[in-house]
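For reference, the structure discussed in these notes is given below.
The values are calculated or read from the model by the stated rules, or taken from the named source; none is laboratory data. Owing to the predicted nature of the structure, the values given are computational and were not obtained by experimental measurement. Reconstructed Cβ throughout: ideal geometry from the backbone, glycine too, with neighbour counts over all protein chains shown. SASA here: full protein model, heavy atoms, side chains in, ligands and nucleic acids out. Shrake-Rupley method; radii C 1.70, N 1.55, O 1.52, S 1.80 Å.
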Amino acid sequence: MEDFYYRKLKVYHLSKQLVADIYVTTKTFPPHEAYGLTNQIQRAVVSIPSNIAEGMGRFSIKERIHFLDIAYGSTMEVMCQLEVAEILGYISKQILDAEESKIIEISKMLMGLRKSLEEKNNKIV
């Protein structure tokens, strides 16, 4: 297996861009959120590309799928936290909508990759 295979995945690169976007967005959050919502959303968004990379570094297809599931869950967590940020007035509806479209694209790609791995696993079994 080639080292750093995950770097070839478009979903990995899109999720890294989402990390950068969220970090820019959270710079505008109130200082009192530094150890609350800001920290939580940053940790969740970093989890997405991290779990893609870790999963693609595993040799077992079942393990790869497991880490993609975690990455997918983190995308849902980020979406929820952005919704909370919008309710609290920390971000605008326009920012929420823009980030949501990126999250939808990433989540679809994660599910497509997961499905591909499941099909590959079913052929082996």
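List of remarks:
- Residue list for segment 25-49, filter: hydrophobic (A, V, I, L, M, F, W, C), over 16 Å from the mean Cα position of the chain (by Cα) and open to solvent by 30 Å² or more (accessible area, probe 1.4 Å): Ala34
- Look at segment 67-93: where a residue is over 21 Å from Ile52 (Cα atoms) and open to solvent by less than 60 Å² (accessible area, probe 1.4 Å) and a partner is acidic (Asp, Glu) and assigned to a helix (DSSP H, G or I), sitting 6+ places away or on another chain with Cβ atoms under 7 Å, you get Leu82/Glu99.
- Any hit, segment 5-13, residues being hydrophobic (A, V, I, L, M, F, W, C) and either in a helix (DSSP H, G or I) or surrounded by fewer than 17 Cβ atoms within 10 Å (Cβ to Cβ) (or both): yes
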